[in-house]
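Asks: The structure follows.
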Amino acid sequence: LIDVIDADRIIAEALPKYATESRSLMDAYGAVLRQEVHADRPQPPFDRVTMDGIAIRHSDWDAGQRIFSITDVQPAGAPAKQLVHPNACLEVMTGAVMPEGADCVIKVEDIEVSNGSAHVQDGISLVPGNFVHKSGTDAREGDIVLEPGARLTPPRIAIAAAFGAHEISVARPPSVAIISTGDELVDAHETPQQHQIRLSNVYAIEAGLRTHGFSNVERHHLLDDRDQIQAAIAALLERFDVLLLTGGVSMGKFDYVPEALRALNVEQRFHKVAQRPGKPLWFGVAPGGQPVFGLPGNPVSAIVCFRRYVLHHIEQAMGLNTRSDNAALADPVSFKPNMTYFMPVSITADDAGRQVAHPLRTNTSGDFGSLGQSDAIIELPRDVSEFPVGYVAPLYRWD
Ligand code: AMP
Ligand code: MG
């Protein structure tokens, strides 16, 4: 029986650093960035008008001028025009280049136009640079605007697009085989007999993988047959980067998974972690270097171990910068066993805006109906048994 912290270390050491691939920007959405993105030009690239209105010279304004003759129009997308005449203005549009010779903008709501002149209303104040977004004030040319390890969220996609990174290096997600075992299991669309249950774990795991950008995922089901399990695992090891098995890893008479893995020289790195749920978790490495996770069959255990170990570590191995998330307990929790406790919680915000975790009791590790209320699990450490209200613990969200 090892500690959660040791399980983390062993898995982290065993996982390879997954490959880098180049993708077009829209295919990179949600992926983990593997390169720096640099500003290929200053941002903004020119002194940019930020309001529809007129561009003038501030010195004219300072001298008391309030009526400006309109000599030209500066639309967005046109090269800079010139403001030449004294007491003149150019009509300017949001996104236009600031005309040469002008240094501030008065917005269109503050003027009235008649006889080819703009009359500025009373009561406005004006400083040089008004409504001008100066070139290079957001980023200078060459600045790093995105760092490796970032997940490509919509704003980061926008940044990459703005600086011309339309082909971008991201981590290639490993291919994953999800294998359920058990004679009692039938598929979700089937009508189980009295002694049977429907598969659920593998759907949860596949959904979890797909929402995190893993598209090369396949589900398989095996009966509790030693030879079949061994042959199927051997074949899947030929094709996949990661194997996730659910069920068959406990001490039951038909729990053939560890035995089959041993026969295939998948080297066991640990079996059993001091945690609840998920104590029977098995982890090993195949001769080809692929990690193999033997997740417990119990639905709550399987989902918890998948979220806490599999997803967490594969994303780390892909180079994702994960920010730690945590929440404070809304109710006291007492957990006596000398084990880490992964407790399902629902998350709300308190009056101060902090995340609080509301414990959801599960009857057993098979009681996954209660997980329907949950947003996350929190990790309560092994060496503590009484957790007061306000106790802050790490949080792993389902989504
Ligand atoms: P096992 O680890 O094979 O002893 O399975 C433990 C419990 O989890 C048993 O009640 C199984 O029926 C159940 N179980 C195993 N695999 C799955 C699965 N893929 N979906 C739902 N329940 C499962
Ligand atoms: Mg079983």
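Asks: Name all residues of region 216-243 having a backbone nitrogen under 16 Å from the label point set 7 Å from the Cα of GLN193 along its Cα→Cβ direction, giving them as ranges.
Replies: Residues passing the 16 Å test: 223-224.
Asks: What net charge do the residues around VAL304 carry, taking every other residue with its C-beta under 12 Å from that of VAL304, with Lys and Arg at +1 and Asp and Glu at -1?
Replies: Details: positive: ARG276, LYS279, ARG307, ARG308; negative: GLU379.
Computed value for this residue: +3.
Asks: As a test question: what accessible area, to the nearest 10 Å², does ARG354 have when a 1.4 Å probe is rolled over all protein chains in place?
Replies: Per-residue accessible area (ARG354): approximately 140 Å².
Asks: A further question on this structure: Name the aspartates and glutamates eligible as straight-distance cross-link partners of LYS336: C-alpha to C-alpha under 13 Å, and not fewer than 8 places from it in the same chain.
Replies: Straight-distance partners of LYS336: ASP383, GLU386.
Asks: Give a residue-ordered list of calculated ³J(HN,Hα) values for region 215-223 (Karplus: 6.51 cos²θ - 1.76 cosθ + 1.60, θ = phi - 60°; whole Hz; x for Gly, Pro).
Replies: 10, 8, 10, 9, 9, 9, 10, 10, 7
Asks: Quick one: if you stick a label point 7 Å off each Cα along the C-beta vector at VAL389 and ASN338, how many nm between them?
Replies: According to this spin-label approximation, the distance is 3.2 nm.
Asks: Run through the DSSP bridge list for the chain and note the antiparallel percent, rounded to the nearest 5. Walk me through the numbers before you get to the answer.
Replies: Working: 53 of 81 bridges.
Counting only bridges with both partners in the chain, antiparallel ones make up about 65 percent.
Asks: LYS81: which lysines have alpha carbons under 19 Å from its alpha carbon, excluding same-chain residues fewer than 8 sequence positions away?
Replies: LYS81 reaches LYS107, LYS134.
Asks: Now for a separate question. So if each residue of separation counts as 0.36 nm, and I subtract the Cα-Cα distance between ALA161 and ASP399, what length gain in nm does that give? Please list the in-between numbers first.
Replies: Values: separation 238, 0.36 × 238 = 85.68 nm, distance 2.63 nm.
Between ALA161 and ASP399, full extension yields an extra 83.1 nm.
Asks: Here's another thing I want to ask about it. HN-Hα J couplings of region 252-257 from phi, Karplus 6.51/-1.76/1.60, θ = phi - 60°, integer Hz, Gly and Pro as x?
Replies: Calculated HN-Hα couplings, in order: x, 5, 10, 7, 8, 4 Hz.
Asks: Further question on the same structure: Counting other Cβ atoms within 10 Å of each Cβ, which trypsin sites (Lys or Arg not before Pro) in region 220-305 have at most 11 and sit in a DSSP loop?
Replies: On the way: sites: ARG226, ARG239, LYS253, ARG262, ARG269, LYS272; in loops: LYS253, LYS272.
For trypsin sites (Lys or Arg not before Pro) across region 220-305 that sit outside H, G, I, E and B with at most 11 neighbouring Cβ atoms in 10 Å, the list reads LYS253.
Asks: For the pairs LYS17/LYS279; LYS17/LYS253; LYS17/LYS272, note any where the Cα-Cα span goes beyond 32 Å. Walk me through the numbers on the way to the answer.
Replies: Values: LYS17/LYS279 27 Å; LYS17/LYS253 37 Å; LYS17/LYS272 25 Å.
Among LYS17/LYS279; LYS17/LYS253; LYS17/LYS272, the Cα-Cα distance tops 32 Å for LYS17/LYS253.
Asks: Given R₀ = 45 Å, FRET efficiency for HIS133-SER324 by Cβ-Cβ distance, to 0.05? Kindly include the intermediate steps, with their values, before the conclusion.
Replies: Values: r = 35 Å, r/R0 = 0.79.
For HIS133 and SER324, the calculated efficiency is 0.80.
Asks: Return the long-range amide H neighbours of ILE179 (sequence gap of 5 or more, or a different chain), with a cut-off of under 5 Å between placed amide H atoms.
Replies: HIS220, LEU244, LEU245, THR246
Asks: Okay, next question. Residues with amide H under 5 Å of LEU146's amide H, sequence separation 5 or more or different chain, H placed in the peptide plane at 1.01 Å from N; which?
Replies: For LEU146, whose amide H was placed from the backbone, the distant partners under 5 Å are VAL37.
Asks: Any idea what angle helix 201-211 forms with the longest principal axis of the chain, computed on alpha-carbon atoms, 0 to 90 degrees, nearest 10?
Replies: 20
Asks: Among PHE335, GLY372, PRO291, whose Cα lies farthest out toward the positive end of the dipole of region 251-399, if unit charges sit on the beta carbon of Lys, Arg (+1) and Asp, Glu (-1)?
Replies: Positive-most Cα among the choices belongs to PRO291.
Asks: Let me know the Kirkwood hydrodynamic radius for the chain, please, with Cα pairs as the basis and the value in Å to one decimal.
Replies: Details: mean 1/r = 0.0392 Å⁻¹.
Result for the chain, one decimal place: 25.5 Å.
Asks: To continue, here is another question. Leaving out ligands and nucleic acids, note down the accessible area per residue over the chain with a 1.4 angstrom probe, in whole Å².
Replies: Values: 19170 Å² over 399 residues.
Result: 48 Å² per residue.
Asks: Of GLY123, GLN316, HIS166, whose Cα points farthest to the positive end of the dipole of the chain (charges on the beta-carbon: +1 Lys, Arg; -1 Asp, Glu; origin at the Cα centre)?
Replies: Going by the charge dipole, the pick is GLN316.
Asks: I've got another one for you. Please list the non-local residues whose amide H lies under 5 Å from the amide H of ARG57, H modeled 1.01 Å from N, same-chain partners needing a gap of 5 or more.
Replies: Result for ARG57 returns ASP103.
Asks: Quick check: pseudo-label points 7 Å beyond the Cα along Cα→Cβ at ILE5 and GLU184, how many nm apart are they?
Replies: So the two model labels end up 3.6 nm from each other.
Asks: Where the accessible area of the chain is counted over protein heavy atoms with a 1.4 Å probe, how much of it, in %, is carbon and sulfur? Don't jump to the answer; show the numbers that get you there.
Replies: Numbers: 9450 of 19170 Å².
Within the chain, the accessible surface is 49 percent carbon and sulfur.
Asks: Post the alpha-carbon centroid distance, region 323-399 to region 251-307, in whole angstrom.
Replies: The distance from the Cα centre of region 323-399 to that of region 251-307 comes to 24 Å.
Asks: For the chain, calculate the relative contact order in percent as a whole number, restricting contacts to Cα pairs under 8 Å that are 6 or more residues apart. Don't jump to the answer; show the numbers that get you there.
Replies: Details: 894 pairs, mean separation 63.9, N = 399.
That works out to 16 percent.
Asks: Please report the Cα spread of region 1-140 along all three principal axes, rounded to whole Å, starting with the longest.
Replies: Taking the Cα atoms of region 1-140, the three principal extents are 86, 30, 22 Å.
The values are calculated or read from the model by the stated rules, or taken from the named source; none is laboratory data. Model, not experiment: these values are computed from the prediction. We place every Cβ from the backbone using ideal geometry, glycine too, and count neighbours over all the protein chains shown. In case anyone asks, the SASA skips ligands and DNA or RNA and just uses the protein heavy atoms, side chains included. Shrake-Rupley method; radii C 1.70, N 1.55, O 1.52, S 1.80 Å.
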